[in-house]
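Report on the structure given below.
The values are calculated or read from the model by the stated rules, or taken from the named source; none is laboratory data. Because the structure is predicted, anything quoted here is derived from the model rather than measured. We place every Cβ from the backbone using ideal geometry, glycine too, and count neighbours over all the protein chains shown. Just so you know, the surface numbers come from the protein's heavy atoms only, side chains and all, with ligands and any DNA or RNA stripped out. Shrake-Rupley method; radii C 1.70, N 1.55, O 1.52, S 1.80 Å.
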Amino acid sequence: MLKQLFRNFALKKNASAVPTGFIPVSAVKTAVVFIDVEDPTFDVCKQDILSYFRSRGVKAEIFFLELSKLGSGERLITSITNTILKKDILWYGCPSQEKTNLLKSCEHELFISLVRKDVFAMHYLARCSGAKFKVGLVDDSVYDLVLDSGAMSEADSFREIVRYLEKIV
């Protein structure tokens with residue numbers, strides 16, 4: 001109950017007031033994509049994201065979600081700046097202010113979450129984002145477009161999202 005109270009307060013304080021809805025990719029100049037490092041196709045997905053947006057002239061930024069605990073011999077394989085680690089998540093589920101501010105400082109028009117886990121941190125980041133169009137894989141009222149990707153890999157899910165984005169005129 002206390003955790004939910006803190007979550008509600010954080011959402012009320014930091015949620016974006018920007019109205020969202022479907023916008024054509026041709027109108028998008030900047031995008032942010034969240035991918036889950038635990039998905040075996042995350043590296044392929046990262047390349048697909050960069051290639052797609054580069055071909056469209058869109059400045060894309062990728063954030064990584066890494067919630068597994070790294071062992072003593074393991075190293076982080078993504079940029080520490082754009083990676084949200086388990087230690088960056090506060091006790092009530094919100095990402096640290098540093099990570100939230102990093103997302104909010106980059107004004108994105110398109111927000112895509114390829115994270116399948118129903119994690120409050122992703123819900124919070126999607127709500128805080130000032131993006132005009134939000135796409136996700138988890139059924140959540142914050143997203144304008146939700147793709148039910150079933151057992152698809154992250155890379156396949158992104159390709160499917162692109163298929164839908166290309167149809168919006």
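Only one entry of Asp118, Asp144, Asp139, Asp148 meets the criterion of being open to solvent by 30 Å² or more (accessible area, probe 1.4 Å), in contact (Cβ under 8 Å) with a residue 40 or more places away in the chain and more than 21 Å from Ser105 (Cα to Cα), and that entry is Asp144. Listed by first and then second residue, the pairs linking a residue in the stretch 7-21 that is of a type in the set (S, T, N, Q) to a residue that is outside any loop (DSSP other than H, G, I, E, B) and open to solvent by less than 40 Å² (accessible area, probe 1.4 Å), with Cβ atoms under 9 Å apart and 6 or more places separating them unless they lie on different chains, are Asn14/Thr100; Asn14/Tyr124; Asn14/Cys128; Ser16/Cys128; Thr20/Phe111; Thr20/Phe133; Thr20/Lys134.
Listed here are the residues, each with its yes/no results for (1) touching a Cys at 6+ places or on another chain (Cβ under 6 Å); (2) modelled with pLDDT under 95; (3) loosely packed, with under 15 Cβ neighbours inside 10 Å.
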residue: Phe9; (1), (2), (3): no, yes, yes
residue: Val18; (1), (2), (3): no, yes, yes
residue: Phe22; (1), (2), (3): no, no, yes
residue: Ala31; (1), (2), (3): no, no, no
residue: Asp36; (1), (2), (3): no, yes, no
residue: Thr41; (1), (2), (3): no, yes, no
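Out of Ala131, Ala155, Ala126, Ala151, report the one residue that is among the small types (Gly, Ala, Ser) and farther than 24 Å from Asp43 by Cβ. Going through Ala131, Ala155, Ala126, Ala151 in turn, just one is among the small types (Gly, Ala, Ser) and farther than 24 Å from Asp43 by Cβ: Ala131.
For the stretch 36-154, the strands (runs of 3 or more DSSP E) that sit wholly inside it and include 2 or more residues that are touching a Ser or Thr at 6+ places or on another chain (Cβ under 9 Å) are 59-66, 110-113, 133-136. Of note, Arg56 satisfies the criterion of being open to solvent by 90 Å² or more (accessible area, probe 1.4 Å), over 15 Å from the mean Cα position of the chain (by Cα) and of a type in the set (Lys, Arg).
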